[in-house]
Amino acid sequence: MKVKKKIKIIGIIQIRLSSTRLPKKAMLKILNKPIIWHIHNRLKFCSNLDEIVIATGDSKNNLEIRDFAKKNNFLVFEGSEIDLIDRLYQTAKKFRASAIVRITGDSPLVDPKIVDQVVSTYKKNKEEFDIVSNCKKSSYPYGLEVEIFSMESLKKMWLEIKKPEIREWFPLFIEKNPEYFKILNISNSKDLSKLRWTLDYEEDYIFIKKIYEELYIENQIFFMNDILKLLKKNPKLQEINSKYIDHHNIGAPEI
C-alpha cells in the first residue's frame, strides 16, 4: 500500500528594517511588544501551520530582527535582502516545506481564522491549484492578505524570473503571467477591500495601536469580526489613516 506523504506547511513572515516611510516599523512597539512579536503571536493561533519562520534579509540593518527572533526562540532564516523570491524559496527548502504561507511584516492584524481557511482550502485542492490566495481579487481589508504557494510554484518563479526588480516584487510576475499557475482566489462574503488595516505610515501605526488597546487580551486573540464591531461602534477610528486608503503596492516597478 502506498503511504501518503505528509505535507508540511510553514508560515513565513517576510520582514526587514529598511522601510523609509515608517523606519524600523517591525520593531515599533504596541503594548510593550514589537510588531514582529504580535504577528508571530497571532500566527501561533493557527491550526494549519506546522511551523512559523521569520525570513529576513542578511544585511546588518536587520540585526535587531535576528537578535529578537533568536532571543524569543522564533525560527529565523537570513536570506537575500532584495531577492525576495530567493529568500522565500531558500527558507522553504531549509525547513523542508511542501508549501508556504506568505505573511508580510505590514500585517499586525493578520487573522488566524483566515489563514486557516486559506490553508485548509489549499489542502483540499492541492492537486488542482498551485496557489490559493484571498487577494488576487481583493475583498478583505487591506492588511489581511494571505497567500499559500506550493513548493513547485516557488521553484518555477525562482527559475523563471530574471529581472532583479521583479524578483523583489514577484506577485507582479504572477499577475502578468496567470497562465503559468493554477490560482484559486477566496472571497469574503462582503467586499471590505476599502478598509485599510496595513502598516506603512505613522497614521497606520496609530490606528493599529488603538485597535490593540481596545481588543488585545493576553493569551487570547481577536479576529476580523471583532475589529469590524469595534469600528462600527467607533467609526472615527477609521479616519486616522483614511487619507492613505488607496495607497497599495507603493514603490512597485512597472512591468
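The values are calculated or read from the model by the stated rules, or taken from the named source; none is laboratory data. Only a predicted model underlies this, so the values are computations on that prediction, with no experimental measurement involved. No Cβ is skipped: glycine too gets one built from the backbone with ideal geometry, and neighbour counts run over all protein chains shown. Note: accessible area is taken over every heavy atom of the protein model, side chains too, but ligands, DNA and RNA are not part of it. Shrake-Rupley method; radii C 1.70, N 1.55, O 1.52, S 1.80 Å.
A few points about this structure:
- Solvent-accessible area, 1.4 Å probe, carbon plus sulfur percent, for region 190-241: 48 percent
- Computed over every Cα-Cα pair of region 95-244 and binned at 5 Å starting from 0, the pair-distance distribution P(r) comes out as 2, 8, 17, 19, 18, 14, 10, 8, 3, 0 percent.
- Rounded to the nearest Hz, the phi-derived 3J(HN,Hα) couplings of region 55-67 under the Karplus curve 6.51 cos²θ - 1.76 cosθ + 1.60 (θ = phi - 60°) are 10, 10, x, 8, 8, 4, 4, 9, 4, 4, 5, 4, 5, where x marks glycine and proline.
- A convex hull fitted to the Cα coordinates of the chain yields 137 cubic angstrom per residue.
- Label point distance in nm, ILE7-TYR180, each placed 7 Å from Cα along Cα→Cβ: 2.1 nm
- Amide H to amide H, with H built 1.01 Å from N, ALA55 comes under 5 Å of ILE13, GLN14, ILE15, PHE77, counting only residues 5 or more places away or on other chains.
- Equivalent-ellipsoid semi-axes for region 1-145 (Cα gyration tensor, √(5λ), whole Å, largest first): 26, 18, 14.
- Remark on GLU147: its backbone amide H falls under 5 Å from those of ARG102, a criterion applied only to residues 5 or more positions apart or on other chains, H modelled at 1.01 Å from N.
- For SER19, the residues whose amide H sits under 5 Å from its own are LYS24, LYS25, ignoring neighbours fewer than 5 places away on the same chain, with H placed 1.01 Å from N.
- Shown are SER59, SER47, whose ranking by accessible area with a 1.4 Å probe and every protein chain present, most to least, is SER47, SER59.
- Compactness index (Cα Rg / 2.2 N^0.38 Å), region 44-102: 1.13
- Theoretical FRET efficiency, 1/(1+(r/R0)^6), r = Cβ-Cβ of GLU203 and LYS155, R0 41 Å, to 0.05: 0.55
- Region 115-255: relative contact order in percent, alpha carbon pairs under 8 Å with at least 6 residues between: 26 percent
- Calculated FRET value between LYS60 and ILE245, using beta carbons and R₀ = 41 Å, to 0.05: 0.70
- Extents of region 123-167, taken as max minus min of Cα coordinates on every principal axis and listed largest first, are 31, 28, 12 Å.
- Site pair ASN72 and ASN188 shows an inter-label distance of 2.5 nm when each label is modelled 7 Å from Cα along Cα→Cβ.
- Cα centroid of region 27-45 to Cα centroid of region 50-101, whole Å: 16 Å
- Expected 222 nm ellipticity per residue - DSSP helices of 4 or more, -39500 (n - 2.57), all of the chain, to 500: -10000 deg cm²/dmol
- Rolling a 1.4 Å probe over the heavy atoms of the protein chains gives region 84-211 an accessible area of 43 Å² per residue.
- Of the solvent-accessible surface of region 46-94, computed with a 1.4 Å probe and all protein chains present, 44% belongs to carbon and sulfur.
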